[in-house]
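Each reported figure results from applying straightforward, stated rules to the coordinates on display, with no laboratory input. Here the structure is a predicted model, which means the values were calculated and not measured. Quick reminder, even Gly has a Cβ in these numbers, built from the backbone with ideal geometry, and neighbours come from all protein chains shown.
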Amino acid sequence: MADETHSKSQRQQIARLYNKVNQEMYGIGVRKQKVEMMEDKIVIFGQHQRVPALSVIDQKNPPLSLSVDTTLIEEFKSRLKKQLESELELQVKTILKDFDPETEEAAAVIYLLK
């Protein structure tokens, strides 16, 4: 039971940091998110709200929109990794993240060092 409580608490802390980074970068939080933990991996499923200006760029210049999205995702991963390591003392090996602008769904997989 103690492991279950610790796991729930850690999932909540991870969700809080994920949302914090999202707010810092985009000025808005995540609509919904779910954090799953398995051995040396953490998976975060999130429903985001796309920044309206990025939707305009997507309509007018899709290649530029893709480039901007890629740049923002890379920065998000970098910030999230720093937060996880400094605030939760997790040893992060890498973070994989993808976002679908059409559905506003995202997934992140965090690989931890063991």
Cβ charges +1 (Lys, Arg) and -1 (Asp, Glu), total dipole of region 2-112, debye: 260
Fully extended, how many nm does the chain gain between residue 60 and residue 12 (0.36 nm per residue separation, minus their Cα-Cα distance)? 13.4 nm
At R0 = 30 Å, FRET efficiency that the Cβ-Cβ distance of residue 71 and residue 114 yields, to 0.05: 0.45
Scan region 3-51 for GluC sites (Glu not before Pro) in coil per DSSP, keeping those whose Cβ has at most 15 other Cβ atoms within 10 Å, and list them by number. 39
Once the dipole of the chain is set up from charges on Cβ (+1 Lys and Arg, -1 Asp and Glu), the residue from the list 65, 110, 22 lying farthest towards its positive end is 22
Between (i) 38; (ii) 75; (iii) 26, which entry matches percent of Cα pairs over 24 Å apart as derived from the coordinates of this structure? (iii)
Can you give the Kirkwood hydrodynamic radius of region 58-114 from its Cα pairs, in Å with one decimal? 12.6
Can you tell me the FRET efficiency between residue 25 and residue 86 if r is taken as the Cβ-Cβ distance and R0 is 22 Å, rounded to the nearest 0.05? 0.80
Quick calc, residue 98 & residue 37: beta-carbon distance into FRET formula, R0 30 Å, rounding 0.05, result 0.95
